[in-house]
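See below for the structure under consideration.
The values are calculated or read from the model by the stated rules, or taken from the named source; none is laboratory data. Keep in mind that what you see is a predicted model, and the values were worked out from it rather than measured. Cβ placement follows ideal geometry from the backbone for every residue including glycine, while neighbour counts extend to all protein chains displayed. With ligands, DNA and RNA removed, areas are computed over all heavy atoms of the protein, side chains included. Shrake-Rupley method; radii C 1.70, N 1.55, O 1.52, S 1.80 Å.
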Amino acid sequence: MISIIIPTLNEAERLPGLLTDLRAGGAVAEIIVADGGSTDSTAAIAREMGAHVVHAARGRGHQIATGVAVASGQTLLFLHADSRFPPSGLARIRGMLAARPEAVGGNFRLDFDGGTGFDAWLTRFYAWIRARGFYYGDSGIFVRRSVYQRIGGMQPIALMEDYDFVRRLERAGPTICIDDPPLVTSSRRFTGRSPVAIVAGWLRIHALFHLGVSPDRLARIYDGAKARRV
């Protein structure tokens with residue numbers, strides 16, 4: 001069985017679409033919503049739609065680790081709440097992992113939903129970096145549970161938890177990128193922002209991470225930049 005872990009924080013508007021997608025696929029799966037302290041109806045909606053809700057310290061790393069701790073599946077799938085999941089996505093994960101027993105996990109090809117030129121560029125850019133072994137939590141990372149445990153799991157760090165996890169996953173063995181069907185993600189975090197500033201911010205955070213700056217400090221830098229935009 002696949003256990004799906006969805007970290008949430010005030011996602012009452014977006015979460016129902018993803019949960020509907022997952023149920024529409026018809027495949028049996030365990031859905032765990034790991035909530036980081038929502039003040040809206042996220043948790044109530046998740047329960048009403050049949051998900052198992054657990055509460056965790058805020059931060060995707062903490063929330064995913066908490067969700068995995070109660071999961072029972074031998075395959076783990078991590079999804080962002082603002083994703084739209086393809087109907088055949090779970091069947092594709094099962095089929096690919098069965099066909100490639102040497103594969104440790106993988107992710108989906110990612111499409112951004114905004115419809116702008118920058119969104120189209122991001123879709124191409126994500127495909128380009130995926131070919132080089134780089135991908136992030138918004139692309140639907142999946143992993144065999146045994147591998148997840150062997151590489152130390154998702155670390156409960158304040159920022160870059162997905163990047164840190166993927167680096168360890170890629171070292172553990174060959175991974176799969178499911179090109180068809182793709183996973184669709186929201187472009188809402190880019191709305192009204194300069195593409196140059198977005199890319200520059202990414203480069204800065206990644207450079208600081210590789211220079212050994214702590215995830216807590218990186219989170220303060222990231223949150224400060226977000227506050228200035230608001």
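What the table below lists for this structure:
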{"item": "Odd one out for residue 99 among (1) of a type outside the set (Phe, Trp, Tyr); (2) surrounded by fewer than 21 Cβ atoms within 10 Å (Cβ to Cβ); (3) at positive phi", "result": "(3)"}
{"item": "Filtered residue count, the stretch 1-21, keeping only those that are open to solvent by less than 10 Å² (accessible area, probe 1.4 Å) and assigned to a helix (DSSP H, G or I)", "result": "3"}
{"item": "For residue 111: the one exception among (1) more than 14 Å from the chain's Cα centre (by Cα); (2) under 12 Å from residue 183 (Cβ atoms); (3) among the charged types (D, E, K, R)", "result": "(1)"}
{"item": "Condition broken by residue 64, with the remaining ones in (1) among the hydrophobic types (A, V, I, L, M, F, W, C); (2) modelled with pLDDT of 95 or more; (3) not in a helix (DSSP H, G or I) satisfied", "result": "(3)"}
{"item": "Single unsatisfied condition, residue 72 versus (1) over 28 Å from residue 101 (Cα atoms); (2) in contact with a strand residue (DSSP E or B) (Cβ under 8 Å, 6 or more places away or on another chain); (3) outside any helix (DSSP H, G or I); (4) not β-branched (Val, Ile, Thr)", "result": "(1)"}
{"item": "Test: residue in the stretch 67-74 that is within 22 Å of residue 190 (Cβ to Cβ) and not aliphatic (A, V, I, L, M)", "result": "no"}
{"item": "Pairs with Cβ under 9 Å, 6+ apart, first in the stretch 151-163 and in contact (Cβ under 8 Å) with a residue 60 or more places away in the chain, second among the polar types (S, T, N, Q) and not in a helix (DSSP H, G or I)", "result": "157/214; 158/214; 161/155"}
{"item": "Members of the stretch 153-206 that are at positive phi and touching a Leu at 6+ places or on another chain (Cβ under 9 Å)", "result": "160"}
{"item": "Where a residue in the stretch 78-91 is open to solvent by 10 Å² or more (accessible area, probe 1.4 Å) and modelled with pLDDT of 95 or more and its partner, wherever it lies, is polar (S, T, N, Q) and assigned to a loop (DSSP other than H, G, I, E, B), with Cβ under 9 Å and at least six apart", "result": "80/186; 82/186; 84/186"}
{"item": "Residue 166 vs. criteria within 19 Å of residue 103 (Cβ to Cβ), buried (at least 17 other Cβ atoms within 10 Å of the Cβ) and either touching an Asp or Glu at 6+ places or on another chain (Cβ under 9 Å) or touching a residue at least 24 places away in the same chain (Cβ under 8 Å) (or both)", "result": "yes"}
{"item": "Qualifying residue in the stretch 192-210 (condition: at pLDDT below 95, touching a strand residue (DSSP E or B) at 6+ places or on another chain (Cβ under 6 Å) and surrounded by 15 or more Cβ atoms within 10 Å (Cβ to Cβ))", "result": "no"}
